[in-house]
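See structure below.
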Amino acid sequence: MAIRVAVNGYGTIGKRVADAVALQKDMKLVGVTANSYSWLTEVAQKKGYDIYSIGDQEAFKQNGIKIAGTIQDLMGKVDVIVDGAPKKIGKENLEKFYKPNRIKATFQGGEKHATAGTSFVAQCNYNEAVGKDYVRVVSCNTTGLVRTLNEINRLYGIDSVHATMIRRGADPADIYHGPINGIVPVLEMPSHHGPDVQTVLKGVEIFTTALSVSTTLMHVHSIIADLKRKPDIQEVIQRFKDAARIRVVRNAEVIRSTAQIMELAKDLGFARGDMPEICVWEEAIGIDPNGHNKLFYMQAVHQESDVVPENVDAIRAMMGEKDAQKSIRMTNEAMGIK
Ligand SMILES: NC(=O)c1ccc[n+]([C@@H]2O[C@H](COP(=O)([O-])OP(=O)(O)OC[C@H]3O[C@@H](n4cnc5c(N)ncnc54)[C@H](OP(=O)(O)O)[C@@H]3O)[C@@H](O)[C@H]2O)c1
């Protein structure tokens, strides 16, 4: 029987996960919730998704949105909820709805590790999520760091990592955040990303710093990893090429910025022009000429979509699928990801 899934919090992440779930052969999207009326509810209705209200139904009714029930009604119909609510509200939803109704839930990176108790990136620690009731898919930046560092750790062993995140100031449709001008350093050391990586890639020493810049098109990470063995550039390139959900992009093919990666994503036909794969620039993979076991690389992370396939895999793991590779393959095939 198909896994019955609903999305509570149908925003930037939630709407993408809903579409990804609807594409899976072994899952059924039972419905999505709506907090306030907007184009999002209009599109959800056009797609044929059942819509459950969180609060007052008046605005939906006035605008011709058919409401299938309340969020409480939804609770009786699903095996797993994907919580895509704004940060910190997931924790409230857990206490208010998921725990009392004994429903499994995935949470997003805006929630703390302790809310779910298990933090998740499929390629790294899928097994930890098998059979769990609550799993937190880590943030877009942490997912990006873990995906590539996990491959490097398996290949060479990591002694320590220093990474700097150049973060997009806001998502493309977000008119409330910035900066619109200026570069804003995160004035805490380390930034929260390093400790967050350690909730998934355990035992790896990592120190992160971060800055926000005035762009909406992806984050860029500059990574320096001290390794247990001397890395080989060609071997690293091949490893990234072979890994799922990592794409090697090249200066030679005129991919020189996040703007061009976003255009590539559209040209490749990804839904919404998303790029769920972490993009590593081939020409920016380097080693230390002085002979230390240092590896340098730069990668771009599409904040709105890299966590989407992770939610799908987390659902399968929580429902008991033990084979990580099988789940990753199924998710990728359905979503058209490498
Ligand atoms: N955007 C990113 O780049 C990104 C990347 C990775 C992870 N995340 C994480 O994903 C989570 C969601 O972020 P987002 O960017 O998708 O936020 P978002 O675009 O603001 O979407 C949140 C959605 O939740 C709805 N909502 C409001 N109150 C709710 C409630 N009490 N219960 C359920 N839903 C409610 C909102 O509806 P209304 O608008 O009608 O209030 C909105 O549709 C956060 O933890 C965030 O940190 C975000």
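Identify all residues within the range 11-48 that are of a type in the set (Ser, Thr, Tyr) and under 15 Å from the mean Cα position of the chain (by Cα); write none if there are none.
Within the range 11-48, just 12 meets the criteria.
Which of the residues spanning the range 50-70 are of a type in the set (D, E, K, R) and surrounded by fewer than 16 Cβ atoms within 10 Å (Cβ to Cβ)? Even if it seems obvious, please write down each step before you answer.
Taking the range 50-70 and keeping what is of a type in the set (D, E, K, R), we get 50, 56, 58, 61, 66.
Within the range 50-70, 56, 58, 61, 66 qualify.
Could you list, in sequence order, all residues of the range 28-43 that are crowded, with 23+ Cβ neighbours inside 10 Å and more than 10 Å from the ligand (Cβ to nearest atom)?
Taking the range 28-43 first, the residues crowded, with 23+ Cβ neighbours inside 10 Å are 29, 31-34, 41.
The answer is 29, 31.
Is it the case that the range 265-281 has a residue that's closer than 17 Å to residue 247 by Cα, touching a helix residue (DSSP H, G or I) at 6+ places or on another chain (Cβ under 7 Å), of a type in the set (Val, Ile, Thr) and not assigned by TED's automatic domain parsing to the domain that holds residue 166?
no
Return the residue satisfying two criteria in turn: it lies in the range 244-277 and is outside any loop (DSSP other than H, G, I, E, B) and within 18 Å of residue 155 (Cα to Cα), and of such residues it is nearest to the chain's Cα centre (by Cα).
Our first condition is that a residue be outside any loop (DSSP other than H, G, I, E, B); within the range 244-277, this holds for 246-249, 251-253, 258-268, 271-273.
Filter once more, so that each one left must be within 18 Å of residue 155 (Cα to Cα): 246-248.
Numbers: 246: 13, 247: 15, 248: 19 Å.
Here the residue is 246.
What are the residue pairs meeting all of these: first residue in the range 41-70, first residue in the same structural domain as residue 30 (by TED's automatic domain parsing), second residue charged (D, E, K, R), Cβ atoms under 6 Å, and 6 or more apart or on different chains?
Filtered contacts from the range 41-70: 68/50.
Please state which of the following conditions residue 203 fails to meet, knowing it meets all the rest: (1) of a type outside the set (D, E, K, R); (2) in a loop (DSSP other than H, G, I, E, B); (3) crowded, with 16+ Cβ neighbours inside 10 Å.
It is condition (3) that residue 203 fails.
Among the listed residues 155, 211, 145, which satisfies the condition of being outside any helix (DSSP H, G or I) and either out of contact with any helix residue (DSSP H, G or I) (no Cβ under 8 Å at 6 or more places or on another chain) or in the same structural domain as residue 293 (by TED's automatic domain parsing) (or both)? Outline the logic, then answer.
Working: 155 fails: outside any helix (DSSP H, G or I); 145 fails: outside any helix (DSSP H, G or I).
The unique qualifying residue is 211.
All but one of (1) under 15 Å from residue 106 (Cβ atoms); (2) near the ligand (Cβ under 10 Å from one of its atoms); (3) in contact with a Lys or Arg (Cβ under 9 Å, 6 or more places away or on another chain) hold for residue 13; which doesn't?
(3)
How about the range 304-338: which of its residues are small (Gly, Ala, Ser), more than 21 Å from residue 241 (Cβ to Cβ) and surrounded by fewer than 18 Cβ atoms within 10 Å (Cβ to Cβ)? Give the derivation first.
Our first condition is that a residue be small (Gly, Ala, Ser); within the range 304-338, this holds for 305, 314, 317, 320, 324, 327, 334, 336.
Then keep just the ones that are more than 21 Å from residue 241 (Cβ to Cβ); that gives 314, 317, 320, 327, 334.
Result: 320, single match.
Looking only at residues that are out of contact with any strand residue (DSSP E or B) (no Cβ under 9 Å at 6 or more places or on another chain), basic (Lys, Arg) and within 11 Å of the ligand (Cβ to nearest atom) in the range 62-109, which one is farthest from residue 309 (Cα to Cα)?
Out of the qualifying residues, it is 96.
Can you work out which of the residues in the range 302-335 that are within 15 Å of the ligand (Cβ to nearest atom) and outside any helix (DSSP H, G or I) is nearest to the chain's Cα centre (by Cα)? Even if it seems obvious, please write down each step before you answer.
The initial filter retains those residues of the range 302-335 that are within 15 Å of the ligand (Cβ to nearest atom), namely 302-312, 314.
Of the ones still in play, those that are also outside any helix (DSSP H, G or I) are 302-307.
Values: 302: 9, 303: 7, 304: 7, 305: 6, 306: 4, 307: 1 Å.
Once the filter is applied, the top-ranked residue is 307.
Scanning the range 110-132 for residues that are within 15 Å of the ligand (Cβ to nearest atom) and not hydrophobic (A, V, I, L, M, F, W, C), which turns out farthest from the chain's Cα centre (by Cα)?
Restricting to residues being within 15 Å of the ligand (Cβ to nearest atom) and not hydrophobic (A, V, I, L, M, F, W, C), the top hit is 115.
Only one of (1) polar (S, T, N, Q); (2) under 19 Å from the mean Cα position of the chain (by Cα); (3) away from the ligand (no atom under 16 Å from the Cβ) fails for residue 153. Which number is that?
Among (1) polar (S, T, N, Q); (2) under 19 Å from the mean Cα position of the chain (by Cα); (3) away from the ligand (no atom under 16 Å from the Cβ), residue 153 violates only (2).
Could you tell me whether the range 162-178 includes any residue that is assigned by TED's automatic domain parsing to the domain that holds residue 246, surrounded by fewer than 13 Cβ atoms within 10 Å (Cβ to Cβ) and in contact with a strand residue (DSSP E or B) (Cβ under 8 Å, 6 or more places away or on another chain)?
no
Any idea which of 220, 186, 213 is crowded, with 18+ Cβ neighbours inside 10 Å and either within 16 Å of the ligand (Cβ to nearest atom) or under 30 Å from residue 292 (Cα atoms) (or both)?
Details: 186 fails: crowded, with 18+ Cβ neighbours inside 10 Å; 213 fails: crowded, with 18+ Cβ neighbours inside 10 Å.
Of the residues listed, the single one that is crowded, with 18+ Cβ neighbours inside 10 Å and either within 16 Å of the ligand (Cβ to nearest atom) or under 30 Å from residue 292 (Cα atoms) (or both) is 220.
Given the conditions (1) within 12 Å of the ligand (Cβ to nearest atom); (2) within 24 Å of residue 276 (Cα to Cα); (3) small (Gly, Ala, Ser), which single one is not true for residue 59?
Condition (2) is where residue 59 drops out.
The values are calculated or read from the model by the stated rules, or taken from the named source; none is laboratory data. Note that the structure is predicted; figures quoted are calculated from it, not measured. Reconstructed Cβ throughout: ideal geometry from the backbone, glycine too, with neighbour counts over all protein chains shown.
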